[in-house]
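A.B. asks: This is the structure I have questions about; it appears just below.
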Amino acid sequence: MKIYLESYGCTLNKSETGLYANKLLSEGAVITQNPDEADLRLIGTCVVIQHTEDRMLRRIAELSAKGKVEVMGCLSSVSAGSIESENIKLIGKSEFRSFYKGALDDIEIREASIFDGIPINQGCTGSCNFCISRVARGSLISRPISKIRGQAMIQLSHGIREIRLSSLDSAAYGKDLGTSLDRLIESVSSILGDFRIRVGMMEPGNTAGILVGLLRAYSSDKVYKFLHLPVQSGDDRILDSMNRGYHADAFRSIVKQYRSTFTDSTLSTDIITGYFNESEESFENTVKLIEDTQPEIINITRFSPRPYTADYNRKPPPTNDVKRWTAYITNLHHEIAGKKMQRQVGKFKKIYITEHGKNETSVGRDQAYRPVVVPGRHDLYSFMDCEIVDFTDTYAIGKIM
Ligand code: SF4
């Protein structure tokens with residue numbers, strides 16, 4: 001059987017689709033890059049905002065005109081079968097959740113090109129009023145440390161030497177098993193050999209509770225000093241309306257401890273602009289938080305009322321205000337990212353080559369998970385010494401020593 005694969009959205013979603021495809025490979029299927037010649041088209045869907053959901057539905061229609069399609073991801077859970085047809089099969093919520101009760105455990109990760117990470121837990125412990133992911137994925141199910149460690153070892157044995165632990169909220173990991181994320185990271189980083197670990201996004205509310213152990217686990221040379229901590233807003237009134245379960249100063253405190261422990265590090269965060277009760281004052285508080293914490297990466301999303309969520313009937317603020325706020329934060333982000341990347345020029349670094357880029361280049365990651373582009377096609381998962389000679393606001397440019 002020839003399978004064609006597309007996946008969208010967060011790393012967790014892409015990881016699940018990649019693992020499911022690896023399962024089909026272990027059953028004899030082969031990958032094709034051409035959807036026309038495939039026997040099965042697999043699509044990992046995202047519905048985080050209305051615009052994305054519309055795109056997914058259009059893409060599924062295009063693919064199903066070519067033949068059989070299997071739909072995974074959040075759309076398959078929230079569409080309640082409304083899009084199923086002769087050519088379209090949904091991998092629904094219950095099947096989806098069974099992945100985390102053992103079905104994922106024995107899947108061998110053998111094909112790097114379709115691998116995005118190891119899902120460590122399904123769902124979360126939150127109930128944010130804007131979030132459809134919670135609706136699609138349900139409550140927390142964590143996979144046992146031994147199973148994740150086992151899968152990482154198989155992945156390493158196939159020469160894929162960057163382990164991405166993916167989740168909706170990594171900091172919630174193990175709360176249902178009497179363990180925690182720091183123990184998982186320490187277990188995986190205790191595997192012998194040279195490789196790197198990237199830890200997936202985590203919610204500030206749960207992160208605060210495990211911070212001491214987390215910073216200890218992050219101190220391993222194998223763990224990238226990369227923290228993806230979605231804050232969504234810098235205003236406490238907005239955070240309460242979102243039902244986020246923390247205030248802006250809790251985020252500031254986590255970042256302060258993280259930065260003082262790892263002075264050469266990357267902070268990635270998410271901001272929702274134009275939440276239904278956003279005001280000039282709340283917007284200013286978000287700008288202030290960004291200026292105070294200086295995130296290298298800001299993922300900006302405009303508020304989009306989602307079905308099945310508490311915010312479904314909320315009206316976003318006037319479009320011009322939302323556009324203005326979004327543009328301001330986008331420019332502020334580029335300014336911060338550019339300044340920070342410029343400071344890397346002249347520095348000597350050991351980078352880990354993890355992908356091949358355009359025009360005969362390779363992309364490596366430094367200890368802070370910064371992307372560094374170097375000339376030449378070098379062996380994947382090899383370490384290289386380089387000097388940073390130039391920059392853009394999204395990556396550095398290196399010269400191999
Ligand atoms: S945004 Fe909130 S509800 Fe959605 S996945 Fe994160 S913690 Fe869960």
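The values are calculated or read from the model by the stated rules, or taken from the named source; none is laboratory data. Owing to the predicted nature of the structure, the values given are computational and were not obtained by experimental measurement. Reconstructed Cβ throughout: ideal geometry from the backbone, glycine too, with neighbour counts over all protein chains shown. What goes into the accessible areas is simple: the full protein's heavy atoms, side chains included, and nothing from ligands, DNA or RNA. Shrake-Rupley method; radii C 1.70, N 1.55, O 1.52, S 1.80 Å.
A.B. asks: Search region 237-274 for residues being out of contact with any Ser or Thr (no Cβ under 9 Å at 6 or more places or on another chain) and away from the ligand (no atom under 16 Å from the Cβ), and hand back the single one that is most open to solvent (accessible area, probe 1.4 Å).
C.D. replies: Only one residue tops the list, namely 263.
A.B. asks: Just to be sure before I move on: is residue 163 outside the structural domain of residue 97 (by TED's automatic domain parsing) and assigned to a helix (DSSP H, G or I) in the structure I sent?
C.D. replies: It is false that residue 163 is outside the structural domain of residue 97 (by TED's automatic domain parsing) and assigned to a helix (DSSP H, G or I).
A.B. asks: Taking the options 36, 54, 105, name whichever one is surrounded by fewer than 16 Cβ atoms within 10 Å (Cβ to Cβ), modelled with pLDDT of 95 or more and not assigned by TED's automatic domain parsing to the domain that holds residue 356.
C.D. replies: 36
A.B. asks: Specify which of the listed residues (152, 171) is within 16 Å of the ligand (Cβ to nearest atom), in contact (Cβ under 8 Å) with a residue 12 or more places away in the chain and open to solvent by less than 50 Å² (accessible area, probe 1.4 Å).
C.D. replies: Matching residue, one of 152, 171: 171.
A.B. asks: For residues that are hydrophobic (A, V, I, L, M, F, W, C) and closer than 19 Å to residue 174 by Cβ, scanning just region 93-112, find the one that is nearest to the ligand (Cβ to nearest atom).
C.D. replies: That would be 99.
A.B. asks: Every residue in region 113-149 that is away from the ligand (no atom under 16 Å from the Cβ), open to solvent by less than 30 Å² (accessible area, probe 1.4 Å) and outside any loop (DSSP other than H, G, I, E, B), please.
C.D. replies: Of everything in region 113-149, those that are away from the ligand (no atom under 16 Å from the Cβ), open to solvent by less than 30 Å² (accessible area, probe 1.4 Å) and outside any loop (DSSP other than H, G, I, E, B) turn out to be 114, 118, 148.
A.B. asks: While we're looking at this one, here's another question. Among the candidates 167, 189, 180, 157, single out the residue that is in contact with a Lys or Arg (Cβ under 6 Å, 6 or more places away or on another chain) and small (Gly, Ala, Ser).
C.D. replies: Step by step, each of 167, 189, 180, 157 is checked, and only 189 is in contact with a Lys or Arg (Cβ under 6 Å, 6 or more places away or on another chain) and small (Gly, Ala, Ser).
A.B. asks: Now, a different point. Go through region 292-346 and report how many residues are among the basic types (Lys, Arg) and open to solvent by less than 30 Å² (accessible area, probe 1.4 Å).
C.D. replies: Residues that pass the stated criteria total 1.
A.B. asks: Among the residues of region 85-102 satisfying the criterion of being open to solvent by 50 Å² or more (accessible area, probe 1.4 Å) and not hydroxyl-bearing (Ser, Thr, Tyr), which is farthest from the chain's Cα centre (by Cα)?
C.D. replies: In this case the residue turns out to be 86.
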